[in-house]
Amino acid sequence: MTEKSNFSQWYHEILENAEVIDQRYPVQGMLVYRRWGLSIIRAMQNELEGMLEASGHEPILMPVLIPEDVLGKETKHIAGFEEEVFWVTHAGKNELERKLSLRPTSETSIYEMFSLWIRAHTDLPLKVHQSCAVYRYETKHTRPLMRGREFLWNEGHSAHVDAVDTEKNIADIKEIYTRLISGLLCLPFNLSIRPEWDRFPGAVYTCAFDTIMPDGKTLQIATVHNLGQTFSKVFGIKFEDEKGRHEHVFQASYGPSFGRLLAAAISIHGDDNGLVLPPRIAPVQAVIVPIIFKESEGIVMAFAERVADKLRGMGIRVYTDAGDGRPGAKFYRWEMKGVPLRIEIGPRDVEKNAVMAVRRDTGEKQSLSFDKIDDVRGIFTEIENNIRKSAKEKFDAMAGSAKGLEELKSKAGYGIISVGWCGGKSCAEKIEEFADILSVEEKQGVCPVCGKKGNSVKMGKSY
Ligand code: ZN
């Protein structure tokens, strides 16, 4: 394998070698998800959906097609997506009377239904979510899992009686996404409010979760939008309050991208030997490699089976690699695929009624007696903590600040850099020649362009 220091090459190789996806499908920007990639996505999807539903979200599944007049109802919203929409214009040979779009996001289709479902304050809050694919004709260079024309995500949509309840839900969602990103995937992130010009089309404000990839570029992995009453006024989503008055609902929408989360987990945790997967998302959590010699094959295989059964009984995803081939080649393959724990069983281990457990993240070996196989759970927790900690250290090492334009120029594009900004448009344009402004911070700073005092901004070069 290519070393990870050559990140771009390493990334493409690992996606193929570990059977995460296949990008040879003959539509640019559309991927085939293979077993390894899809299993990881399903693990995050299950975890996220469980948390959303525990917080009162109902699952729904909307049609993929949105009529032109529905998609276009909110003018700012459609203007933001116009260049990227795929249109269905024909049914067989006949032109359709009403053009249909492949959903680029589902605010409009869901709010069309919200206007039918919401009647009274007792219907509120209404919170729904769906995991689905959305379609955008990306004109920028596509990159597998990071920037494509079809991508998998979960989108949540809510309607509330007032702004206060909307904010309460936004706080819940930030907490849920933090548990997904940092808890499950062990990824560090920066959560901030996007500058005005980078808001979701139609939103009052947009919060974004950004992480930093090994090449120093930032990757937006999830967003949360406060939509205020923008959409409810256009779609006529009204409710009767306790006093019999008819009011428009307040709304929020939010979503993490499964593809980008997968790309980040692969890239940030991986090493020169391949993937390093956090145990809870690993398609195989422990791989048993029997070390077989002819004379002891029977007893080794019988013991391996007992170990596998015991682990399975604990709810651990285990696979026994009893196929032909040298143990060394098997070690190499499962290491490359990121399996958190390798369990080696040779004739000597059987004699001792024990196994040799090898951690993927540190390479550390330890003998575990059969009666103490339960310790595997604790090892998984240690692996998770270690992966999370080392990812955070790399992330923190890529946070910096710059004073003058020269310093900004030399540092921009590698990690998240703080710099001052006076608030002026032309100065923002000048600053953004080097990297993108991710957020405007409360902290004060001096503008590197004009020298006036203002706020500080966080910058990164986004994927
Ligand atoms: Zn300035």
Open item on the list: Exceeding 29 Å between C-alpha atoms, which entries from my cross-link table qualify? They are K233/K458; K403/K461; K174/K310; K168/K403; K310/K330.
Closed with: K233/K458; K174/K310; K168/K403
- [ ] Would you mind checking the tilt of helix 375-397 against the longest principal axis of the Cα atoms of the chain, expressed as 0 to 90 degrees and rounded to 10?
- [x] 50
TODO: Calculate, for S462 and E240, the FRET efficiency according to 1/(1 + (r/R0)^6) with r their C-beta to C-beta distance and R0 56 Å; round to the nearest 0.05.
DONE: 0.80
Open item on the list: Report the per residue volume, in Å³, of the convex hull enclosing the C-alpha atoms of segment 15-121.
Closed with: 164
Task: Options A412, G451, S439, ranked by Cα towards positive dipole end of segment 401-460, top entry (Cβ charges) - done: G451
Open item on the list: Under 5 Å between amide hydrogens, which residues at least 5 positions from A120 or on another chain qualify, with H placed 1.01 Å from N in the peptide plane?
Closed with: E240
Task: Calculated SAXS-style log₁₀ I(q)/I(0) at q = 0.13, 0.14 Å⁻¹ - segment 7-269, Debye, Cα scatterers - done: -0.88, -1.01
Open item on the list: Quick check: the angle from helix 327-336's long axis to the longest principal axis of the chain, C-alpha only, nearest 10 degrees?
Closed with: 10
TODO: Could you tell me the convex hull volume per residue, in Å³, taken over the Cα atoms of segment 327-463?
DONE: 129
- [ ] Taking amide H positions as placed in the peptide plane 1.01 Å from N, state which residues far from L227 in sequence (5 or more) or on other chains have amide H under 5 Å from it.
- [x] V204, Q251, A252, S253
- [ ] Note down the magnitude of the dipole of the chain about its Cα centre, charges +1 on Lys and Arg C-beta and -1 on Asp and Glu C-beta and zero elsewhere, to the nearest 20 debye.
- [x] 640
TODO: Starting at the first residue of segment 62-68, write each ³J(HN,Hα) from the Karplus equation 6.51 cos²θ - 1.76 cosθ + 1.60 with θ = phi - 60°, in whole Hz, x for Gly and Pro.
DONE: 8, x, 6, 9, 10, x, 4
Task: Estimated vicinal HN-Hα couplings, Hz - segment 164-171 in sequence order (Karplus 6.51, -1.76, 1.60; Gly, Pro = x) - done: 5, 5, 5, 4, 4, 5, 4, 5
Open item on the list: Give me, ordered by chain and number, the residues 5 or more places off D271 or on other chains with an amide H under 5 Å from its own placed amide H.
Closed with: V276
Task: Cα-based helix-to-principal-axis angle, 107-117 vs the chain, degrees rounded to 10 - done: 70
Open item on the list: Could you tell me what a quarter of the Cα convex hull surface of segment 284-385 works out to, in nm² with one decimal place?
Closed with: 5.9
Task: Cβ-placed point charges (K, R +1; D, E -1), dipole of segment 1-102 about Cα centre in debye, nearest 20 - done: 220
TODO: Compare the Cα positions of N353, G328, H121 along the charge dipole of the chain (+1 at Cβ of Lys, Arg; -1 at Cβ of Asp, Glu; about the Cα centre) and return the one farthest towards the positive end.
DONE: G328
- [ ] Give the accessible surface of the chain per residue, rounded to a whole number of Å², with probe radius 1.4 Å and ligands, DNA and RNA excluded.
- [x] 46
- [ ] For segment 49-118 and segment 139-210, write down the distance between their C-alpha centroids in whole Å.
- [x] 19
Open item on the list: Tell me the carbon and sulfur percent of the accessible area for the chain, rounded to whole percent, probe radius 1.4 Å.
Closed with: 49
- [ ] Would you mind counting up the charge near L219? Only other residues with Cβ under 13 Å from its Cβ, with Lys and Arg at +1 and Asp and Glu at -1.
- [x] +2
- [ ] Sort by residue number and name the cysteines in the chain that have no neighbouring cysteine Cβ under 4.7 Å.
- [x] C132, C186, C207, C427, C450
- [ ] Would you mind calculating the gained length between E167 and M314 on full extension (0.36 nm times residue separation, minus the Cα-Cα distance), in nm to one decimal?
- [x] 48.9 nm
TODO: Please turn the phi angles of segment 195-205 into ³J(HN,Hα) values with the Karplus equation 6.51 cos²θ - 1.76 cosθ + 1.60 (θ = phi - 60°), one per residue in order, whole Hz, x for glycine and proline.
DONE: x, 2, 7, 10, 6, 4, x, x, 8, 6, 8
TODO: Multiply the residue gap between E13 and L96 by 0.36 nm, knock off their C-alpha separation, and tell me the result in nm, one decimal place.
DONE: 25.6 nm
Task: Cα centroid of segment 263-298 to Cα centroid of segment 406-440, whole Å - done: 41
TODO: Any chance you could list P(r) for the chain, counting all Cα-Cα pairs in 10 angstrom bins from zero, rounded to whole %?
DONE: 4, 18, 25, 23, 17, 9, 4, 1, 0
TODO: May I ask you to give the average projected area over all directions of the convex hull of the Cα atoms of segment 401-460, in nm² rounded to one decimal?
DONE: 3.2
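The values are calculated or read from the model by the stated rules, or taken from the named source; none is laboratory data. Because the structure is a prediction, the values reported are computed rather than measured. Please note: Cβ atoms are built from the backbone with ideal geometry, for glycine as well, and neighbour counts cover all protein chains shown. Just the protein is used for accessible areas: all its heavy atoms, side chains included, with ligands, DNA and RNA removed. Shrake-Rupley method; radii C 1.70, N 1.55, O 1.52, S 1.80 Å.
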